[in-house]
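The values are calculated or read from the model by the stated rules, or taken from the named source; none is laboratory data. Being a predicted model, the structure only gives us computed values, none of them experimental. Note: ideal-geometry Cβ built from the backbone for every residue, glycine included; neighbour counts use all protein chains shown. The accessibility values were calculated without ligands, DNA or RNA, using every heavy atom of the protein model including side chains. Shrake-Rupley method; radii C 1.70, N 1.55, O 1.52, S 1.80 Å.
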Amino acid sequence: EAKQRGKSRIVVYNKKMREGVVNVLAMEQDLIRALKAGEFEPYFQPIVNLADGTLYGFETLTRWNHPDRGMVSPGEFIPVAEETGLIVELGIRILEEACHVMEGWRQKYPAARDLNIAVNISARQFSEAALATSVGRILDSTGLPASCLKLEITETVVMLDAVKSVNQLNMLKKLGIMLSIDDFGTGYSSMSYLQKFPTDQLKIDLSFVQRMETAPENIEIVRAIVNMAHSLRLRVVAEGIETERQRDLLYSLQCDYGQGYLYSKPLPKAEAEEFVKNSE
Ligand code: C2E
Ligand code: MG
Ligand code: MG
Ligand code: MG
């Protein structure tokens, strides 16, 4: 019956959809050009210890310095890079650059030796059989200790095929790096798998953090996530902290680390380095 329906299904492209396809194709060409031209730049957003505000590490967030369009946000180009497969090459380059930058800071500042750098890994990258090999090679070539690197994979992506994810995460974990589940709370986690994943951290999605003040039931959601994470021996990072009230609430709920505009926006390398310098 479904097959029947599939055969006779009429796909209607409206103007908007057609423009969407053209835009993706145009952006694909532009992304290929931009990769060659080196227009992608990692920005670094500080992550702090919530208890005392001291620096814990950074998250790498990619920016596209477009010659005509100015700064293009990852929300716009990451999905296209993902859809076209270009994310694999872009992802490797960002990972390489992030590890290189962090190792440079570690060499320069004694206080940076315990910091870590987080890098986002997309669905396509996570499904690559060669991912762990690539990461290992980058650690070797940049000299960054594995324990200073953290990969962030979204809850939606790890839960997509949980059985496969356990294998991929185990291969990555064998390198000695840290693993974090990003945007936690927006997907559908299976508790039994959360326990099987060799992850180190959960990142509470900013939507919960930002709604804590206006819709207090979110405080209870955050409390539940933190308690569950701690009982699984996971550390918790809250993203999107913009106010002191949010920070105070998160701290009282025993959240471990925080990140957000209250502390700093994502910064270009030179400005992030000031953060490292000042943490000495
Ligand atoms: P994400 O990994 O969940 O990153 C957090 C997003 O929240 C970032 O958006 C960050 O700039 C933003 N943010 C941080 N603090 C605050 C705050 O206090 N308030 C608000 N409103 N936002 C805050 P950004 O940089 O636009 O990145 C969006 C998403 O794009 C990321 O979400 C990540 O999924 C993806 N992305 C960014 N860079 C990369 C990359 O190099 N590789 C991959 N695969 N994905 C990336
Ligand atoms: Mg992230
Ligand atoms: Mg996130
Ligand atoms: Mg997000």
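Here's the yes/no breakdown for (1) at pLDDT below 95; (2) among the hydrophobic types (A, V, I, L, M, F, W, C):
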position: Leu25; (1), (2): yes, yes
position: Leu35; (1), (2): no, yes
position: Glu41; (1), (2): no, no
position: Gln45; (1), (2): no, no
position: Thr54; (1), (2): no, no
position: Phe58; (1), (2): no, yes
position: Arg63; (1), (2): no, no
position: Gly70; (1), (2): yes, no
position: Val80; (1), (2): yes, yes
Looking at the range 46-75 only, could you name the residues that are more than 14 Å from Asn278 (Cα to Cα) and among the polar types (S, T, N, Q)? Asn49, Thr60, Thr62, Asn65, Ser73
Can you tell me which of Pro216, Pro268 is in contact with a strand residue (DSSP E or B) (Cβ under 7 Å, 6 or more places away or on another chain) and exposed (fewer than 15 other Cβ atoms within 10 Å of the Cβ)? Pro268
Collect the residues in the range 184-199 that are more than 14 Å from Val157 (Cα to Cα) and open to solvent by 40 Å² or more (accessible area, probe 1.4 Å), keeping them in residue-number order. Met191, Ser192, Gln195, Lys196
If I go through the range 222-245 residue by residue, how many of them are open to solvent by less than 10 Å² (accessible area, probe 1.4 Å) and in a helix (DSSP H, G or I)? 3
Any residue in the range 201-210 that is without any contact (Cβ under 8 Å) to a residue 40 or more places away in the chain and away from ligand 3 (no atom under 16 Å from the Cβ)? no
Please enumerate the residues belonging to the range 43-55 that are away from ligand 3 (no atom under 16 Å from the Cβ), open to solvent by 10 Å² or more (accessible area, probe 1.4 Å) and of a type outside the set (Gly, Ala, Ser). Asn49, Asp52, Thr54, Leu55
Looking only at the range 152-164, count every residue that is over 22 Å from Leu61 (Cβ atoms) and either in contact (Cβ under 8 Å) with a residue 40 or more places away in the chain or more than 16 Å from ligand 1 (Cβ to nearest atom) (or both) and tell me the total. 4
Find the residue count for the range 171-183, including only residues that are without any contact (Cβ under 8 Å) to a residue 60 or more places away in the chain, open to solvent by 10 Å² or more (accessible area, probe 1.4 Å) and within 30 Å of Arg223 (Cβ to Cβ). 2
The range 259-280, residues that are closer than 13 Å to Glu59 by Cβ and of a type in the set (Lys, Arg): Lys265
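Residues checked against (1) touching a residue at least 24 places away in the same chain (Cβ under 8 Å); (2) assigned to a loop (DSSP other than H, G, I, E, B); (3) open to solvent by less than 10 Å² (accessible area, probe 1.4 Å):
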site	(1), (2), (3)
Gly104	no, no, no
Gln107	no, no, no
Arg113	no, no, no
Gln125	yes, no, no
Glu128	yes, yes, no
Ile138	yes, no, yes
Ser141	yes, no, no
Lys150	yes, no, yes
Any idea which residue in the range 246-271 is nearest to Pro216 (Cα to Cα), counting only those that are part of a helix (DSSP H, G or I) and more than 13 Å from ligand 1 (Cβ to nearest atom)? Leu249
